[in-house]
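What follows is one structure encoded as structure tokens, with my remarks underneath.
Rule-based calculations on the coordinates, nothing more; no lab input. What you are looking at is a predicted structure, and each value in this text was computed from that prediction instead of being measured.
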Amino acid sequence: MSDSRELVCIVCPRGCTMHISETDGEYTVSGNSCKRGKDFALSEMTEPKRTICSTVRTVFPDVPVLPVRVSAEIPKDRIFDVMKEINSFLLEKRVSRGETVIENVLGLGADIIATSDICS
């Protein structure tokens, strides 16, 4: 079975338009200017990953929500699961930027970390 896709690389500012073909489980990438582009294309075809930026609710009236992000890329098909965890979480302690808010979310090897401060 053969399949083909076009993809714009987001690894560097070049934005190469790549063509990815799959035949019997083997991928061929063309149009990339560097190895990173090929790696990105193969990852997108086999195990696409993304990052998430969001907010968590807090108990602090002066800062009702705290901006957060994942510490590492997560599988694209788990975004909604991670967002459900983030949306159900209530932060009850003051934290600093970069501090872990939710450790190893859903066992995916990524923490939810603060991108701003709520210091005492």
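Using just the Cα positions, wrap the chain in a convex hull and report its mean projected area in square nanometres, one decimal place.
On the way: hull surface 36.0 nm².
Over every viewing direction, the Cα hull of the chain projects on average to 9.0 nm².
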Task: Relative contact order for the chain, counting Cα pairs under 8 Å that sit 6 or more residues apart, in percent - done: 18 percent
Task: Per-residue ³J(HN,Hα) for region 59-74, Karplus 6.51 cos²θ - 1.76 cosθ + 1.60, θ = phi - 60°, Hz, x for Gly and Pro - done: 8, 9, x, 6, 9, x, 9, 10, x, 9, 8, 7, 7, 8, 5, 10
Open item on the list: Under 10 Å, Cα contacts only: if you run a Gaussian network model on the chain, which one of THR100, THR55, THR23 comes out with the highest mean-square fluctuation?
Closed with: THR23
Open item on the list: Suppose only helical runs count, i.e. DSSP H with n ≥ 4. What mean residue ellipticity at 222 nm does that imply for the chain under -39500 (n - 2.57) per run, divided by all residues and rounded to the nearest 500 deg cm²/dmol?
Closed with: -5500 deg cm²/dmol
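Please work out whether region 19-88 counts as rounded, prolate or oblate from its C-alpha gyration tensor, where a ≥ b ≥ c are the square roots of the eigenvalues and a/c under 1.5 means rounded, while otherwise a/b larger than b/c means prolate and anything else oblate?
Working: a/c = 5.90, a/b = 2.83, b/c = 2.09.
It is prolate, given that a/c is not under 1.5 and a/b is the larger ratio.
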Open item on the list: Working only with C-alpha atoms, what are the Rg and Dmax values of region 61-120, expressed in angstrom?
Closed with: 11.6, 37
